[in-house]
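These notes concern the structure reproduced below.
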Amino acid sequence: MNQWLLLGVNSITLGGLLFLLSAGFSLIFGLMRIPNLTHGSFFMLGAYIGVSFLGLGLGFWAAALLAAAAMAVIGGGIERLLLRRLAGQELAQVLVTLGLSFMIADLCLMIWGGDPISLDTPAGLSGAVPIASIVFPAYRLAIVVIAVVIAVALWLMLERTRLGAMIRAGVDDAPMARVVGIRVSRLFTLIFCLGAGIAGFAGVMGGPILSVYPGLDADMLPLALIIVILGGTGSLLGALLGSIVVGFLYNFGQVLFPEIAYIILFLPMLLILLFRPQGLFGRHAP
Amino acid sequence: MSALAIKDLGKSFGGLRVTAGVTLALEAGERRLIIGPNGAGKTTLFNLITGELKPDDGAIALFGRDITALPTRARPHLGLARTYQIITLFAQETLLHNVTLSLLGLSPLRWSPFRRLDRQAVLIERARAALASVGLEALAGRPLAQTSYGERRRVEIAMALVQQPKVLLLDEPFAGLSVDERKDVRRLLASIPRDVTMLMIEHDMDVALELADRITLMHFGQIVVEGSRAEVVAHPRTREVYFGS
Amino acid sequence: MIRAAAAAVALCALAAAPLWIPGGYYLNILSQILIYAIFALGLNLLVGYAGLVSLGHAGLFGVACYAVAWLVAAGAGQLVAALGALAVLLATTAAFAVLSLRSAGIGFLMITLAIGQILWGMAYRWIDLTGGDNGINLAARPQPFGISLAFATPFYYFTLIVFLVALASVAVFIASPLGASLKGTRDQPRRMSALGYNVWLIRFLAFLFSGLWSGVAGLLFCYYNQFVSPNVLSLGSSAEALLMVISGGSGTLLGPIAGAALVVVMKNVASAYIERWNFLLGAIFVAIVLFMPEGLVPGSARLGRRLWLRLRGVPAAGGAR
């Protein structure tokens with residue numbers, strides 16, 4: 001009983017991390033109509049940068065925030081310097097993000113080496129919290145809380161601010177948004193900064209659980225892909241639900257069907273593709 | 001039996017009703033002109049007839065056969081061809097290749113992965129003849145991208161004619177043409193055999209009226225008036241639609 | 001006339017390769033180039049002629065690879081194993097095609113990427129079937145008509161024959177009515193339906209044909225290495241194949257072959273001097289997409305022409321002696 005409950009908590013924790021990964025992926029997809037294949041790399045590079053900041057003696061959360069800031073700059077730079085040159089050529093943009101993902105992966109290997117690096121759980125959260133009669137690991141609860149806070153903040157930003165309204169308009173109909181005077185290209189840079197920043201932050205935050213290793217990017221990217229196909233592009237709610245579904249499938253699959261867990265992960269995606277190609281909450285088919 | 005019979009055809013985009021209760025019957029060999037202001041639903045009607053849009057309700061029959069549920073690709077094989085208002089041709093290919101592709105679409109040969117297309121003399125000669133019939137024989141080997149707008153319009157018509165359709169839909173065949181080009185296209189359309197049924201959308205009344213037997217006026221997705229040229233011109237609703245009242 | 005002569009010269013050079021290439025190491029590299037050229041020819045049918053960019057083709061390459069190794073390990077004869085592998089390949093390709101052809105453009109790319117990852121995941125995690133990370137060894141190369149392929153030279157000729165068959169079949173297909181139809185669906189899919197073509201079925205057939213040659217290349221690759229591991233199916237492998245196609249010039253008959261040669265040579269040279277092949281792969285990818293989207297061969301020709309015109313058009317200071 002306790003084991004299943006723990007598995008459930010782990011699933012929600014992973015779901016929270018995946019939401020931070022896929023929210024940006026989904027918004028980029030919704031706005032620019034491209035799957036950003038460097039998104040897994042943003043997650044991994046953020047984690048590695050966090051490792052270096054920790055090595056400088058910074059605290060965990062300071063390292064995570066600085067890594068997020070660094071990733072925001074890198075993400076925005078990629079959009080400004082490379083993708084913008086290919087405006088309107090979606091296929092070329094996807095291929096550039098693919099090429100970049102290989103470069104980043106190799107660069108990380110060069111700088112941080114091939115051995116997995118496990119981050120220490122931040123001080124004060126290494127213990128356990130008893131709720132009712134059950135004992136929960138404090139750090140995992142913290143991840144869930146932070147993910148929820150960021151989700152609410154993103155939601156408020158999208159629904160309540162002028163910027164959010166512009167992003168929503170761009171997701172719904174980019175040419176129309178352009179006509180009514182929204183500078184869509186500036187939104188692109190912004191959304192890349194935001195997506196990369198949150199992904200990098202999630203990378204550091206996931207460090208104590210997943211650790212950081214070469215190939216982390218390739219492990220995370222397909223998950224983001226599944227989530228967005230499940231939830232639909234440009235939909236925060238879709239990304240949230242998709243993340244939790246994938247979180248549960250991943251953890252329970254590993255325990256119940258370890259050999260084919262990876263395939264189980266993709267099954268709901270295939271079903272969605274066959275019967276509802278625009279995703280559960282999506283506005284357009286990809 | 002009508003060549004083309006449309007019954008109670010309706011189509012909405014979201015909440016916008018673009019076609020509502022359109023009923024239309026064309027006798028074999030008839031030349032019908034559809035007129036109406038922009039947004040009247042004329043091109044939508046064409047897209048419904050060819051199957052590029054699926055109707056919400058109503059039925060379409062070609063020579064008595066119900067084709068409402070038939071996929072777009074099956075309809076040319078039953079003798080339905082169309083031209084487009086917005087030209088969608090194969091820009092990198094030569095004029096001859098464009099017309100050959102149209103011809104090939106109806107030939108079982110299109111499934112062959114072994115034979116050489118450029119050795120299919122019968123097919124290519126027919127395509128060349130179709131180009132000659134629209135006066136473009138001399139340009140057969142030129143890539144489409146290097147031709148003028150008027151020439152492309154004529155390629156559109158050649159691609160439709162080469163399929164030897166029984167029912168031909170023409171979407172604004174005179175749009176964007178110079179005075180001389182208009183004369184050429186009018187002569188071309190007049191030379192189409194009388195047994196071909198034609199449905200034409202056109203804004204240029206002067207040229208279109210000469211070709212049409214009957215006229216249908218559409219407004220807000222509905223048929224308002226139908227009749228001979230004199231009847232439609234004299235009808236009070238026509239003035240209403242075009243000039244307001 | 002010139003083209004026929006060039007083709008004859010190239011054919012003679014390939015046929016006589018064991019005579020002018022020093023040593024088995026280089027001949028093996030040439031065999032590798034031919035194997036990847038077959039792969040790229042297959043992928044180009046989709047990328048270049050159907051306009052459908054697949055990022056999961058290494059999955060098809062790998063399925064054939066695994067199937068033949070598994071069947072031989074299970075005790076099947078070489079011929080049965082090869083035919084069985086092709087059957088498995090075609091079934092997988094058909095399922096792959098049905099799923100991914102629900103979409104075109106970016107959607108197609110995403111679905112192929114996802115399916116490619118599923119196949120990779122199976123190879124990597126379904127240890128009972130695939131041996132996981134350890135992969136599967138192939139005990140011996142086949143002996144068609146009793147000829148041993150154990151050494152570099154006979155294996156090279158075997159590969160060369162398969163390559164020539166692949167090249168001829170693709171060339172015939174491209175010039176055929178079905179090939180012209182396929183190109184039509186790439187440029188104007190909606191118009192093609194209105195002209196009476198079954199766009200889905202044309203794409204499906206092209207996908208099968210593409211999968212067939214990708215898988216045959218996988219088969220040869222398995223014979224060549226006598227070993228298969230999950231790495232063969234990775235996204236990196238799919239990307240490498242795509243790089244071969246677009247670097248050489250997608251939608252041209254010979255471009256993918258040039259691309260395969262380029263990538264294989266670079267990979268071998270790079271691995272001799274630097275460790276960072278993946279960085280180079282990514283950098284070339286980005287550079288080609290940014291600066292030479294039409295491919296290295298036509299792209300270099302364009303840049304060369306421009307340079308030549310500039311040199312001739314603007315008399316350089318040193319030119320007026």
Item to check | Qualifying residues in region C:178-203 (those that are under 26 Å from residue B:171 (Cα atoms) and touching a residue at least 60 places away in the same chain (Cβ under 8 Å)) - the one nearest to the other protein chains (Cβ to nearest Cβ) | outcome: C:187
Checklist outcome for this item: Residue count, region A:55-89, condition within 14 Å of chain C (Cβ to nearest Cβ) and among the aromatic types (Phe, Trp, Tyr), comes to 0
Item to check | Answer residue from region A:90-106, given it is open to solvent by less than 30 Å² (accessible area, probe 1.4 Å) and hydrophobic (A, V, I, L, M, F, W, C) and is nearest to the other protein chains (Cβ to nearest Cβ) among those | outcome: A:102
Checklist entry - Which ones in region C:87-144 are open to solvent by 60 Å² or more (accessible area, probe 1.4 Å) and of a type in the set (Phe, Trp, Tyr)? => result C:124, C:126
Next on the checklist: Among the residues in region B:130-149, are any over 18 Å from residue C:192 (Cβ atoms) and either touching a Gly at 6+ places or on another chain (Cβ under 6 Å) or touching a residue at least 60 places away in the same chain (Cβ under 8 Å) (or both)?
Outcome noted: yes
Item to check | Restricting region B:85-102 to residues that are assigned to a loop (DSSP other than H, G, I, E, B) and in contact (Cβ under 8 Å) with a residue 60 or more places away in the chain, the residue that is surrounded by the most Cβ atoms within 10 Å (Cβ to Cβ) | outcome: B:89
Checklist entry - Just checking, which of B:20, B:28 is under 20 Å from the mean Cα position of the chain (by Cα) and either of a type outside the set (D, E, K, R) or open to solvent by less than 30 Å² (accessible area, probe 1.4 Å) (or both)? => result B:28
Checklist entry - Does at least one position in region B:150-170 carry a residue that is in contact with a helix residue (DSSP H, G or I) (Cβ under 9 Å, 6 or more places away or on another chain), open to solvent by 20 Å² or more (accessible area, probe 1.4 Å), part of a loop (DSSP other than H, G, I, E, B) and without any contact (Cβ under 8 Å) to a residue 60 or more places away in the chain? => result no
Checklist entry - Among A:208, A:268, which is part of a helix (DSSP H, G or I), at pLDDT below 85 and either more than 14 Å from chain C (Cβ to nearest Cβ) or over 25 Å from residue A:115 (Cα atoms) (or both)? => result A:268
Checklist entry - List pairs: first in region C:130-158 and touching a residue at least 60 places away in the same chain (Cβ under 8 Å), second acidic (Asp, Glu) and open to solvent by 40 Å² or more (accessible area, probe 1.4 Å), Cβ under 9 Å, 6+ apart or cross-chain? => result none
Next on the checklist: I'd like to check something: does region C:121-131 contain any residue that is closer than 26 Å to residue C:159 by Cα and out of contact with any strand residue (DSSP E or B) (no Cβ under 9 Å at 6 or more places or on another chain)?
Outcome noted: no
Checklist entry - Are there any helices (runs of 4 or more DSSP H) wholly within region A:26-122 with 3 or more residues that are more than 15 Å from residue A:216 (Cα to Cα) and touching a strand residue (DSSP E or B) at 6+ places or on another chain (Cβ under 7 Å), and if so which? => result none
Checklist entry - Can you pull out the residues in region B:108-128 that are at the interface with chain C (Cβ under 8 Å from one of its Cβ atoms) and out of contact with any Gly (no Cβ under 9 Å at 6 or more places or on another chain)? => result B:109, B:111, B:112, B:114, B:115, B:116, B:118, B:120
Next on the checklist: I need the helices (runs of 4 or more DSSP H) fully contained in region C:1-103, keeping only those with at least 1 residues that are hydroxyl-bearing (Ser, Thr, Tyr), out of contact with any His (no Cβ under 9 Å at 6 or more places or on another chain) and more than 30 Å from residue A:271 (Cβ to Cβ).
Outcome noted: C:23-44
Next on the checklist: Can you tell me which of (1) over 23 Å from residue C:178 (Cβ atoms); (2) among the aromatic types (Phe, Trp, Tyr); (3) touching a Gly at 6+ places or on another chain (Cβ under 9 Å); (4) open to solvent by less than 10 Å² (accessible area, probe 1.4 Å) is the one residue B:174 doesn't meet?
Outcome noted: (3)
Item to check | residue A:218 being surrounded by 22 or more Cβ atoms within 10 Å (Cβ to Cβ), part of a helix (DSSP H, G or I) and touching a helix residue (DSSP H, G or I) at 6+ places or on another chain (Cβ under 8 Å) | outcome: no
Checklist entry - Any idea which of (1) of a type in the set (Ser, Thr, Tyr); (2) modelled with pLDDT of 95 or more; (3) crowded, with 20+ Cβ neighbours inside 10 Å is the one residue C:169 doesn't satisfy? => result (3)
Item to check | Of all residues making up region C:57-76, the number that are over 21 Å from the mean Cα position of the chain (by Cα) and at pLDDT 90 or above | outcome: 5
Item to check | Among residues of region B:44-87, those that are of a type in the set (Lys, Arg) and within 10 Å of chain C (Cβ to nearest Cβ), counted | outcome: 3
Checklist entry - Within region A:136-184, how many residues turn out to be free of Cβ contacts under 8 Å to residues at least 12 places away in the same chain and not in a helix (DSSP H, G or I)? => result 5
Next on the checklist: Restricting to region B:103-128, give me the number of residues that are outside any loop (DSSP other than H, G, I, E, B) and touching a residue at least 12 places away in the same chain (Cβ under 8 Å).
Outcome noted: 9
Checklist entry - Among strands (runs of 3 or more DSSP E) lying entirely in region B:5-68, which contain 2 or more residues that are closer than 24 Å to residue B:243 by Cβ and in contact with a strand residue (DSSP E or B) (Cβ under 6 Å, 6 or more places away or on another chain)? => result B:16-26, B:31-35
Checklist entry - Would region C:266-281 turn up any residue that is in a loop (DSSP other than H, G, I, E, B), out of contact with any strand residue (DSSP E or B) (no Cβ under 9 Å at 6 or more places or on another chain), touching a residue at least 12 places away in the same chain (Cβ under 8 Å) and more than 14 Å from every other protein chain (Cβ to nearest Cβ)? => result no
Item to check | Selection status of residue C:175, open to solvent by 10 Å² or more (accessible area, probe 1.4 Å) and more than 14 Å from chain B (Cβ to nearest Cβ) | outcome: no
Next on the checklist: Condition first: within 14 Å of chain B (Cβ to nearest Cβ) and either at pLDDT below 90 or surrounded by fewer than 23 Cβ atoms within 10 Å (Cβ to Cβ) (or both). Now tell me which residues in region C:210-248 satisfy that.
Outcome noted: C:212
Checklist entry - What number of residues in region B:219-245 are part of a helix (DSSP H, G or I), in contact with a strand residue (DSSP E or B) (Cβ under 7 Å, 6 or more places away or on another chain) and open to solvent by 90 Å² or more (accessible area, probe 1.4 Å)? => result 2
Item to check | Count of residues meeting criterion [open to solvent by less than 60 Å² (accessible area, probe 1.4 Å) and farther than 21 Å from residue B:46 by Cα] in region B:185-202 | outcome: 1
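The values are calculated or read from the model by the stated rules, or taken from the named source; none is laboratory data. Remember, predicted model here, so these are calculated numbers, not experimental data. All Cβ positions, even for glycine, are placed from backbone atoms using ideal geometry, and neighbour counts span all protein chains on display. Surface accessibility is based on the protein's heavy atoms, side chains included, excluding ligands, DNA and RNA. Shrake-Rupley method; radii C 1.70, N 1.55, O 1.52, S 1.80 Å.
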